[in-house]
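*Asks:* Could you have a look at this structure, given as structure tokens, before my questions?
The values are calculated or read from the model by the stated rules, or taken from the named source; none is laboratory data. What you see is a predicted model, and the numbers here were worked out from it, not measured in a lab. Reconstructed Cβ throughout: ideal geometry from the backbone, glycine too, with neighbour counts over all protein chains shown. Heads up: the accessible areas ignore ligands, DNA and RNA and are worked out on the full protein's heavy atoms, side chains in. Shrake-Rupley method; radii C 1.70, N 1.55, O 1.52, S 1.80 Å.
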Amino acid sequence: MARPVTVAKGEAKMLRLDRLIESVEKAFLYLTGLGLMFIMLVIVVDVVMRYFFSAPLSWSYDLIGMYLVTLVFFLALADTFRRGGHIKVDLFENLRRTRFFAVAEILGYCASLVFFALILKQMLESGVEGMLAGDVVDGAIPWPTWPPYLLAALGIALLMIRI
């Protein structure tokens with residue numbers, strides 16, 4: 001008979017936090033999937049309208065380029081990091097189980113946090129400034145410019161929590 005594993009209070013809290021973060025990442029992944037499907041739908045409709053009816057969707061490029069690609073890219077960052085799906089340099093892979101590698105990895109994560117904190121700050125500032133100023137794109141539809149910044153900030157913030 002297997003013995004029950006006892007978990008310290010701190011570890012239990014970390015496990016709950018990890019599960020919470022993972023559920024938010026999963027929700028974001030569903031949003032990115034919907035975003036990809038919507039990109040494909042808009043492109044198909046645009047192509048049909050363009051080539052069969054000579055009436056392309058004038059707003060599709062702005063919608064896809066500003067909102068949907070931003071949503072798909074940034075909201076998937078944290079889950080991709082959790083799964084180890086980002087590009088890595090395997091130059092020092094043979095050192096993986098050494099203390100040097102662990103220290104280098106910790107330093108790399110700390111540097112990443114500083115870098116992403118700067119990006120997060122810039123995204124939040126740009127998004128809030130655009131929202132307060134009422135900035136819009138000069139096009140067929142005056143799309144507000146601030147939502148992509150806030151979507152990116154949301155994805156970066158979750159990535160920072162995951163790191």
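*Asks:* Taking 0.36 nm per residue of separation and subtracting the Cα-Cα distance, what length does fully extending residue 47 through residue 110 add?
*Replies:* Details: separation 63, 0.36 × 63 = 22.68 nm, distance 4.58 nm.
So the extension gain works out to 18.1 nm.
*Asks:* Would you compute, from DSSP H runs of 4+ residues alone, the mean residue ellipticity of the chain at 222 nm, taking -39500 (n - 2.57) per run and dividing by the full residue count, rounded to the nearest 500? Walk me through the numbers before you get to the answer.
*Replies:* On the way: 5 runs with 109 residues, N = 163.
My calculation for the chain gives -23500 deg cm²/dmol from helical runs alone.
*Asks:* Let me ask you something else. Could you give the size of the charge dipole of the range 21-112 about its Cα centre, using +1 on the Cβ of each K and R and -1 on the Cβ of each D and E, expressed in debye and rounded to the nearest 20?
*Replies:* Details: 8 positive and 8 negative charges, 60 e Å.
Value, rounded to 20: 280 debye.
*Asks:* With a sphere of radius 15 Å drawn around the Cβ of residue 140, what net charge do the other residues whose Cβ falls strictly inside it have (Lys, Arg +1; Asp, Glu -1)?
*Replies:* Working: positive: 50; negative: 46, 62, 138.
After counting each charged neighbour, the total is -2.
*Asks:* For residue 30, what charge total do you get from the other residues with a beta carbon under 14 Å from its beta carbon, if Lys and Arg give +1 and Asp and Glu give -1? Mind dumping the intermediate values first?
*Replies:* Working: positive: 26; negative: 22, 25, 79.
Charge balance near residue 30 sits at -2.
*Asks:* Please compute the contact order of the chain in relative form: average sequence separation of alpha-carbon pairs under 8 Å and at least six residues apart, divided by the residue count, as a percent. Don't jump to the answer; show the numbers that get you there.
*Replies:* Numbers: 134 pairs, mean separation 46.0, N = 163.
About 28 percent, as a whole number.
*Asks:* Hey, what's the chain come to in accessible area per residue, 1.4 Å probe, Å²? Kindly include the intermediate steps, with their values, before the conclusion.
*Replies:* On the way: 11670 Å² over 163 residues.
I get 72 Å² per residue for the chain.
*Asks:* A follow-up question, please. Tally Lys/Arg at +1 and Asp/Glu at -1 over every other residue whose Cβ is under 13 Å from the Cβ of residue 15; what's the total? Write down the numbers at each step before the final one.
*Replies:* Values: positive: 9, 13, 16, 19; negative: 11, 18, 22.
For residues surrounding residue 15, the net value is +1.
*Asks:* Straight-line reach from residue 121: which aspartates and glutamates fall under 15 Å, measuring Cα to Cα and dropping same-chain residues less than 8 apart?
*Replies:* The qualifying aspartates and glutamates are 129.
*Asks:* Can you give me the pair-distance distribution of the range 1-112, C-alpha pairs, 10 Å bins, whole percents?
*Replies:* Over the range 1-112, the share of Cα pairs per 10 Å bin runs 11, 23, 25, 20, 12, 6, 2, 0 percent.
*Asks:* Run the reach check for residue 26 against lysines, Cα to Cα strictly under 21 Å, same-chain hits fewer than 8 apart removed. What comes back?
*Replies:* Within the straight-line limit of under 21 Å, residue 26 reaches these lysines: 13.
*Asks:* Quickly rank 96-109, 69-82 as a protection proxy: mean count of other C-beta atoms within 10 Å, highest first.
*Replies:* Numbers: 96-109: 10.5, 69-82: 19.8.
So the peptides 96-109, 69-82, ranked by packing, come out 69-82, 96-109.
*Asks:* Could you please state how large a percent of the accessible area of the range 100-163 is carbon and sulfur, counting protein chains only and using a 1.4 Å probe? Before the final figure, lay out each step's value.
*Replies:* Details: 2840 of 3840 Å².
In the range 100-163, the share of accessible area belonging to carbon and sulfur is 74 percent.
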